[in-house]
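S.K.: Sharing a structure here in structure tokens format.
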Amino acid sequence: MAVFLAVLGIAAVLTVAVSVGVRVWRNRQGQGQGPEAARDGVSARLEFRELGTVGFGRPGVTAMAWQPDGARIAVGHADGSVSIWDADTRAELLTGSGKSQEAVDSMSWSPDGLWLAAAHRHDHMTVWNAANAEVVWELDGGDVYAVVGWSEDGRSVKTYNGEEYYALWNIDSRACERSWFVSIAQQGEVVSPDGRLAAWESMAEGRWTLHRADWQPVPGGESEWELVGHRGPIHGVSWKGDSSQLAGATEDGVAIWSATSGQLVRSMPVERSGGIGSGAAGSGTAGSGAAGSGVTYVSWSPGSAGPWILAGLDASTSVVIDAQTGERLAEVPTRGRASSAWAPTGVRLATIGMDSVVHLYRGQSK
């Protein structure tokens with residue numbers, strides 16, 4: 001979906017309390033500014049609202065993952081079980097359990113949505129058939145710290161050992177297909193959606209560098225280039241869906257860089273409560289965000305337009321902002337850095353709240 005908020009004058013912002021603690025800022029345009037005044041074909045009036053919850057009525061939620069088509073969401077629980085929910089009706093569809101009764105720490109759907117893999121605490125992995133929640137394979141040991149994805153053919157689970165190695169585990173042979181070393185300095189590597197570039201944090205110092213995924217020099221002869229123009233450390237990055245830009249969590253708020261040059265495009269302060277974070281469009285410098293608060297992590301909504309960015313402020317609060325202007329759209333409860341996920345398609349967001357259930361949200365024009 002394209003970016004939805006057009007600044008057509010002086011906007012008044014109302015704070016509205018809705019549902020389980022979510023706070024919504026409604027953009028009120030002037031008279032005569034209806035849908036025809038939209039930017040990029042999207043209504044200029046938009047709300048970000050909570051739809052409801054899933055994962056309730058069972059042991060506390062510890063992890064979640066969207067099905068690739070966004071139709072269902074899997075929820076991992078503190079007792080090692082998983083439940084699968086319909087994202088539209090929020091009805092529980094399936095429940096599965098394996099041998100492990102340890103909490104689910106991470107989950108990943110296979111690309112075709114047929115399998116669901118989960119990593120449990122204390123080095124255990126379970127793979128379920130997502131159609132009937134039957135256990136396909138359980139691996140006890142194997143140095144599995146987290147499930148981080150799948151092979152392109154959907155037959156091997158990609159895992160991380162928490163320190164230096166990734167591995168592929170084939171569900172047909174029930175064996176490790178291969179493993180490979182990742183430099184400690186590159187543990188935070190984040191690959192672009194098109195797979196051509198990657199960003200990595202240098203020795204956890206808050207300095208992030210870009211390079212070609214194949215490590216070949218870019219036109220001009222550079223093999224890597226740093227994200228520059230901001231102030232202080234970068235706490236995490238997230239790619240725009242078209243791979244052209246990165247968003248970063250900084251002391252000033254949310255910063256946006258060009259992926260091809262590493263130069264700062266704009267810096268947008270993010271306030272902790274009320275009002276609008278008015279971003280500095282264009283080639284502003286990092287000092288422009290002094291009025292904002294430090295952001296702990298960012299997550300850019302999917303799609304080539306990438307209209308929204310989720311910015312984490314602390315252990316229990318995140319805000320959704322307009323990716324172009326920095327305007328604050330909603331405040332949502334979260335339970336930390338790994339407790340939120342945009343749906344792969346559409347305009348939905350899921351977060352694990354402090355109440356240990358999953359809250360679902362949707363942006364919608366009014």
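S.K.: Set the Förster distance to 41 Å, then compute FRET efficiency between Glu102 and Arg362 from the Cβ-Cβ distance, nearest 0.05.
M.R.: With R0 = 41 Å, the Cβ-Cβ based efficiency is 0.80.
S.K.: Which three semi-axes in whole Å describe the equivalent ellipsoid of segment 54-101, each the square root of 5 times a Cα gyration tensor eigenvalue, listed largest first?
M.R.: 18, 11, 9
S.K.: What figure, in Å² to the nearest 10, do you get for the accessible area of Glu205 with a 1.4 Å probe and non-protein molecules left out?
M.R.: Near enough 110 Å² of accessible area.
S.K.: In nm, give the distance between the simple-model label positions of Tyr166 and Ala71, each being 7 Å from the Cα along the Cα-to-Cβ direction.
M.R.: For the pair Tyr166/Ala71, the computed spacing is 2.9 nm.
S.K.: Find, to one decimal place in angstroms, the Kirkwood hydrodynamic radius of segment 65-189, where the mean of 1/r is taken over every pair of different Cα atoms and then inverted.
M.R.: Taking every pair of different Cα atoms in segment 65-189, averaging 1/r and inverting gives 14.5 Å.
S.K.: List the residues, sorted by chain then number, that are 5 or more residues from Val136 or on another chain and whose placed amide H is less than 5 Å from its amide H.
M.R.: Amide H to amide H, under 5 Å and 5 or more residues apart or across chains, Val136 pairs with Val127, Trp128, Asn129.
The values are calculated or read from the model by the stated rules, or taken from the named source; none is laboratory data. Computed from a predicted structure; not experimentally measured. Every residue, glycine as well, gets a Cβ built from its backbone with ideal geometry; the counts of neighbours run over all protein chains shown. Ligands, DNA and RNA are stripped out before the accessible areas are found, and what is left, the full protein with its side chains, is counted by its heavy atoms. Shrake-Rupley method; radii C 1.70, N 1.55, O 1.52, S 1.80 Å.
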